[in-house]
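In what follows, a structure is listed as structure tokens, so that the remarks can point back to it.
The values are calculated or read from the model by the stated rules, or taken from the named source; none is laboratory data. Since this is a predicted model, take the numbers as computed values, not measurements. All Cβ positions, glycine included, derive from the backbone under ideal geometry; neighbour counts span all protein chains shown.
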Protein chains: 2
Amino acid sequence: MMGGDLGVPANVSGVRRYVLDGGCPDVSFDLFGNIAPIESAIAKFSDFPTSCCEIHNTGERMISSEERPSVAIKKSGGTSMFEAISHVGLNRADAVVSSGNTGAFMALSKIIIGMISNINRPALISIIPNSKGRSVMLDLGANTECSSLQLTQFAAMGAAVAKVLLDITDPSIALLNIGTERSKGTEILDAAYKILEENVNLNFIGFIEGTDITKGTSDVIVTDGFSGNISLKTMEGTIRYLLHLAKEEVGKSLLCKIGCLFCRRMLISIKNSIDPRRHNGAPLVGLKKIAVKSHGGSDSIGVANAISTAVTLAKSNFITNINDTLTSLETGKGTV
Amino acid sequence: MMGGDLGVPANVSGVRRYVLDGGCPDVSFDLFGNIAPIESAIAKFSDFPTSCCEIHNTGERMISSEERPSVAIKKSGGTSMFEAISHVGLNRADAVVSSGNTGAFMALSKIIIGMISNINRPALISIIPNSKGRSVMLDLGANTECSSLQLTQFAAMGAAVAKVLLDITDPSIALLNIGTERSKGTEILDAAYKILEENVNLNFIGFIEGTDITKGTSDVIVTDGFSGNISLKTMEGTIRYLLHLAKEEVGKSLLCKIGCLFCRRMLISIKNSIDPRRHNGAPLVGLKKIAVKSHGGSDSIGVANAISTAVTLAKSNFITNINDTLTSLETGKGTV
């Protein structure tokens with residue numbers, strides 16, 4: 001409850017929004033944080049769903065978003081983030097959601113929850129809207145440098161997420177590169193291509209380039225955490241830039257302002273479909289349990305969406321599915 | 001004249017458009033390619049500026065866009081691209097422009113024109129529109145893996161381009177990273193940061209992230225060719241996706257179509273400011289002469305803009321400027 005730029009109020013309203021907007025009725029919440037601000041944020045709502053929430057008071061101990069993960073971990077004992085992740089590690093909850101310090105959340109989840117066998121580090125995965133629907137993309141910053149083996153594991157994990165979250169039976173998988181030609185790119189990508197193309201269980205379609213991400217050329221977009229992070233943030237920045245440009249131009253003309261009134265519904269519909277809050281909730285894949293990273297700047301809409309992602313994953317056979325696809329990747333024979 | 005998906009007709013109309021749209025009156029053109037299609041494309045215009053153009057017939061010998069650069073180079077003798085670059089190499093022209101095979105254009109330019117001392121490979125640089133104006137970004141795909149030294153050379157070359165093309169006196173320079181914190185990123189970025197921060201002649205402002213590109217946080221954006229290519233193409237893809245989304249939504253409603261009529265001028269203005277054709281022409285920096293890569297899909301507007309970029313560079317003291325900034329980078333004392 002302490003994580004994110006907007007802190008307790010956004011997290012409290014996020015829980016409320018999730019429940020009141022028709023979230024699964026059998027979901028209950030363990031809220032970790034400083035009880036005083038949590039209770040005062042709850043008190044602002046007459047309709048807060050208190051019956052499905054239990055507060056675990058961790059006092060003022062918390063990990064700040066500015067702290068270096070390596071430093072944060074050392075003194076993490078008793079913090080709201082540590083206790084929330086431990087609750088999942090101890091099987092007392094099915095999933096953990098946090099808008100807090102990304103590096104610390106990843107490192108603590110890895111230590112406390114543990115990794116699926118043969119996976120070294122978790123990857124951050126996100127849902128990206130495109131012209132045909134939606135796709136999943138990973139890694140988005142957890143691993144700045146990746147081996148070819150890691151990329152192939154990302155492919156398998158991405159396919160599992162696409163099945164569960166996007167309901168795609170046999171997700172197509174592509175490696176993000178600087179061109180679609182087989183000869184393009186780095187040696188690491190070349191090696192990953194070879195492994196993936198030989199695997200009969202993965203629907204690998206080859207290389208795609210940056211312009212293909214929003215075209216929806218593949219259901220799963222695999223890349224290293226450096227390029228993935230830059231690509232996703234470039235996308236966010238470009239959307240903001242275009243909205244800024246449109247606002248500036250509209251401001252110059254009364255005629256145009258009137259025109260926009262006619263287009264109100266369209267503008268709202270576009271704004272919603274590209275609203276990052278509505279795509280919020282990046283699962284940390286590779287862990288033995290479900291952990292969902294919510295954007296640091298999340299408001300109640302963002303938090304509610306991250307909760308919804310966590311619930312969907314928890315209600316599916318997500319971890320089993322990932323394990324199966326990873327096994328099939330090794331054997332090249334299993335049923336994916 | 002043979003390069004690009006649209007071939008001779010687009011290149012011929014591009015030259016015509018550049019001249020008739022008020023290009024510099026003292027510019028003359030050496031057109032390399034197959035004389036028959038060039039003359040037939042010229043014949044379609046009654047106002048083609050034949051007086052400032054000389055055709056150099058290279059027959060049917062050309063480098064196709066699909067060919068691997070390594071293969072293309074071996075049999076490049078006598079092709080339109082080889083002859084055009086050689087013309088510049090022999091000081092018979094000040095700049096070469098091509099929409100052809102990027103890899104071959106780079107490799108041949110490097111061999112025929114040669115590199116500035118201490119620069120190993122050319123970098124592709126492009127102008128990016130942003131909320132505050134424009135910035136330059138490099139490398140965009142010429143060097144998939146870069147050393148920290150290369151990145152610092154990109155910084156110096158980018159600053160020189162920003163001075164000449166964007167008319168900025170002391171361009172701010174940033175390294176593209178997955179976060180703005182000093183601790184973020186790879187060892188290569190860390191080493192490049194150290195070199196740049198110690199150089200008093202470069203206005204280095206630190207790390208920026210993907211969202212900052214279109215914010216206009218820095219005048220020069222430095223990155224390796226892999227991330228740069230993916231970032232630029234993600235931007236192109238996102239713009240196309242939003243236009244697609246808008247078109248689809250407008251198509252659903254008559255009211256909205258009417259609204260768009262009111263906004264016609266605004267829509268045209270936005271479309272123009274993000275039109276990649278109007279930002280076409282990526283200089284290959286690091287060469288001893290001026291070579292400008294035009295997008296493979298360029299039409300006459302794109303080609304005209306690439307020509308315009310080449311002319312601006314040729315009329316400035318661009319190569320001297322790059323040499324000076326590179327020298328200052330080494331000494332940390334020169335006048336940048």
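Brief remarks follow.
- Helices (runs of 4 or more DSSP H) fully within the range A:239-336 counting 3 or more residues that are closer than 30 Å to A:V8 by Cβ and in contact (Cβ under 8 Å) with a residue 40 or more places away in the chain: A:300-315
- Within the range B:291-302, not a single residue is over 22 Å from B:K233 (Cα atoms) and in the same structural domain as B:M106 (by TED's automatic domain parsing).
- Scanning the range A:241-264 for residues that are facing chain B (nearest Cβ under 7 Å) and in contact with a Ser or Thr (Cβ under 9 Å, 6 or more places away or on another chain) yields A:Y241, A:L242, A:H244, A:L245, A:E249, A:G259, A:F262, A:C263.
- Taken together, the criteria exclude A:V222 from residues that are over 24 Å from the mean Cα position of the chain (by Cα), of a type outside the set (G, A, S) and assigned by TED's automatic domain parsing to the domain that holds A:K132.
- One residue alone among B:I168, B:I230 is within 9 Å of chain A (Cβ to nearest Cβ) and surrounded by 17 or more Cβ atoms within 10 Å (Cβ to Cβ), and that residue is B:I230.
- Some residue of the range B:202-218 being surrounded by fewer than 21 Cβ atoms within 10 Å (Cβ to Cβ), part of a loop (DSSP other than H, G, I, E, B), basic (K, R) and within 7 Å of chain A (Cβ to nearest Cβ): yes
- Qualifying positions in the range B:20-39 - farther than 17 Å from B:D94 by Cα and hydrophobic (A, V, I, L, M, F, W, C): B:L20, B:I35, B:A36, B:I38
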